[in-house]
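The next block holds one structure in the form of structure tokens; read it before the comments.
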Amino acid sequence: MKLEDLDISAKEALFEYLLFLGDSNLVLGHRLSEWCGHGPMLEEDIALANLALDCVGQSANFLKLAGEIEGKDRNEDHLAYLRDAIDFRNATITELPRGDFGFTIMRQFLVATYLYIIFKELRNSSFDDLKSIAQKSIKEVKYHIRHSSEWVLRLGDGTEESHKRIQKSLNELWRYTNELFVQMPQDQVLIEKNIIFDMDSSKKQWLEIIEQVLKEATLITPESNEYLYHNGREGKHTEYLGHMLAEMQTLPRSHPGAVW
Amino acid sequence: MVTTKFTSEDIWQMLAEVKDPEIPLVTIVGMGIVRDVVITSENIEVIITPTYSGCPASKEIRDGIDQKLRENSIENFVINSVLSPPWTSDWIDEETKQKLKESGIAPPHKVPTNELLSLFGDDRIVHCPYCESKKTKKTSEFGSTLCKSLHFCDGCHQPFEHFKCI
């Protein structure tokens, strides 16, 4: 299925969904990039910057496609740099400040595993361009899971201090995870056309991978009734996003049309 | 109709001279980045694919192709980038793998077909590109570029890079 096969309601819904994937990756990528020069050791500094590159690169693909579908002459840079927080559709978990290294790694593990599950299904999307991005991105996100899960094991099953701190990070982050699986009313249009897929089984698949690693890392999976009601897909964000965007967008905002 | 004097083989040969900006001893053709060359009566279309979504060399690669074609007095061309099918390290040709090895980068393994295996731990042994030792260990999943990981050889006590398999 291509752009010309979509009616207006499907276009609007897909635009919103692509913003969700694009913005989540962009915001996560920016948070990772904040570690550049601050990593706990050189290898990890490089690794986090590399993860950031992947996230921003994937985001550019999603936002470019979103711009094409919207048809208002906005490209990926325009969407990334010239929208305000209220127009961002990223999941809340991605915008939280980077915290300590354990917090960043735990978030990467939780979100990368989520993206892996989503991309796995979107590889079968009936919409060609979305399918292509998913096929490409899933290869990269596997490395993110591998890298972050190895650190979750090391920190969880490490010293008393590292165990305590990463468990605390997990407890904090866990409250934002249910939001990842909340479907928006407009998603239904896309599900009917097999462009995206129902998330009913996704959470189970996600939990399976997460619990397997947490258990090995001697960490306790938090109770499921501690979720926060928060949904970035409705444009509702924490105060952290605005501050982050102020920094991220400062150059294109203060020098419109600047190029390298 | 200026473009018709070139066959697609000619174009492939020109492109085979364009170096990979991040690993200049190999070419974009050897790396499997160039997917197709289509010659029509209108123009020449070069189809490329990025190795990684966030590959910062993408623009350099386009510029390299641009420059090479113009050097050969070709003006009427377009460069299009496609994501599908996604690039895989299996597309790197044998000659390029050999060159990688000679420069101290262990070439990639074949991509595993088992999905779960590729998700958690690829434990296949990476041979040291310097001394062929099997006693090597991975020190980091990410090296100086997205496409490489860092390793250390216990045989010759040297760090080296490994081109990741994706």
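Take the conditions touching a His at 6+ places or on another chain (Cβ under 8 Å) and hydrophobic (A, V, I, L, M, F, W, C) and apply them to A:Ile86. Does it pass?
yes
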Inset, instruction - State whether one or more residues within region A:4-19 are crowded, with 22+ Cβ neighbours inside 10 Å and within 17 Å of A:Arg107 (Cβ to Cβ). - result: no
Inset, instruction - Scan A:Ile138, A:Ile105, A:Ile69 and give me the residue that is touching a Ser or Thr at 6+ places or on another chain (Cβ under 8 Å) and crowded, with 17+ Cβ neighbours inside 10 Å. - result: A:Ile105
Legend entry - Residues (touching a residue at least 24 places away in the same chain (Cβ under 8 Å), surrounded by fewer than 19 Cβ atoms within 10 Å (Cβ to Cβ), assigned to a strand (DSSP E or B) and out of contact with any helix residue (DSSP H, G or I) (no Cβ under 7 Å at 6 or more places or on another chain)) located in region B:21-44: B:Arg35, B:Val38
Legend entry - Residues (under 14 Å from the mean Cα position of the chain (by Cα) and among the acidic types (Asp, Glu)) located in region A:52-81: A:Asp54
Inset, instruction - Restrict the check to region A:123-134 and report whether at least one residue is crowded, with 22+ Cβ neighbours inside 10 Å, out of contact with any Phe, Trp or Tyr (no Cβ under 6 Å at 6 or more places or on another chain) and within 26 Å of B:Asp123 (Cβ to Cβ). - result: no
Legend entry - Pairs, first more than 11 Å from A:Ile46 (Cβ to Cβ) in region B:137-153, second surrounded by fewer than 19 Cβ atoms within 10 Å (Cβ to Cβ) and among the polar types (S, T, N, Q), C-beta under 7 Å, six or more apart: B:His151/B:Thr139; B:Phe152/B:Thr139; B:Cys153/B:Ser133
Inset, instruction - Could you tell me whether B:Asn80 is in contact with a helix residue (DSSP H, G or I) (Cβ under 8 Å, 6 or more places away or on another chain) and within 20 Å of B:Trp12 (Cα to Cα)? - result: no
Inset, instruction - Kindly list the number of the only condition in (1) under 18 Å from A:Tyr143 (Cβ atoms); (2) touching a Lys or Arg at 6+ places or on another chain (Cβ under 9 Å); (3) not hydroxyl-bearing (Ser, Thr, Tyr) that fails for A:Ala47. - result: (2)
Inset, instruction - Those residues that are modelled with pLDDT under 95 and among the acidic types (Asp, Glu), I need them from region A:122-156; list them, please. - result: A:Glu140, A:Glu150
Legend entry - Failed condition for B:Arg70, given (1) under 30 Å from A:Lys64 (Cβ atoms); (2) out of contact with any Asp or Glu (no Cβ under 8 Å at 6 or more places or on another chain); (3) crowded, with 19+ Cβ neighbours inside 10 Å: (3)
Inset, instruction - Take A:Ile93 and decide whether it is hydrophobic (A, V, I, L, M, F, W, C), surrounded by 17 or more Cβ atoms within 10 Å (Cβ to Cβ) and more than 19 Å from A:Lys236 (Cβ to Cβ). - result: no
Inset, instruction - Would you confirm whether any residue within region A:219-242 is under 30 Å from A:His78 (Cα atoms), among the hydrophobic types (A, V, I, L, M, F, W, C) and in a helix (DSSP H, G or I)? - result: yes
Inset, instruction - Return yes when B:Ile92 is aliphatic (A, V, I, L, M) and in contact (Cβ under 8 Å) with a residue 40 or more places away in the chain and no when it is not. - result: yes
Legend entry - Elements of type helices (runs of 4 or more DSSP H) in region A:109-204, at least 2 residues being at the interface with chain B (Cβ under 10 Å from one of its Cβ atoms), of a type in the set (Gly, Ala, Ser) and in contact with a helix residue (DSSP H, G or I) (Cβ under 7 Å, 6 or more places away or on another chain): A:128-156
Legend entry - Members of region A:218-258 that are over 28 Å from A:Leu14 (Cα atoms) and at pLDDT below 90: A:Glu223, A:Ser224, A:Asn225, A:Glu226, A:Ala258
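The values are calculated or read from the model by the stated rules, or taken from the named source; none is laboratory data. Computed from a prediction, not measured in an experiment: that's the story for all the values here. All Cβ positions, glycine included, derive from the backbone under ideal geometry; neighbour counts span all protein chains shown.
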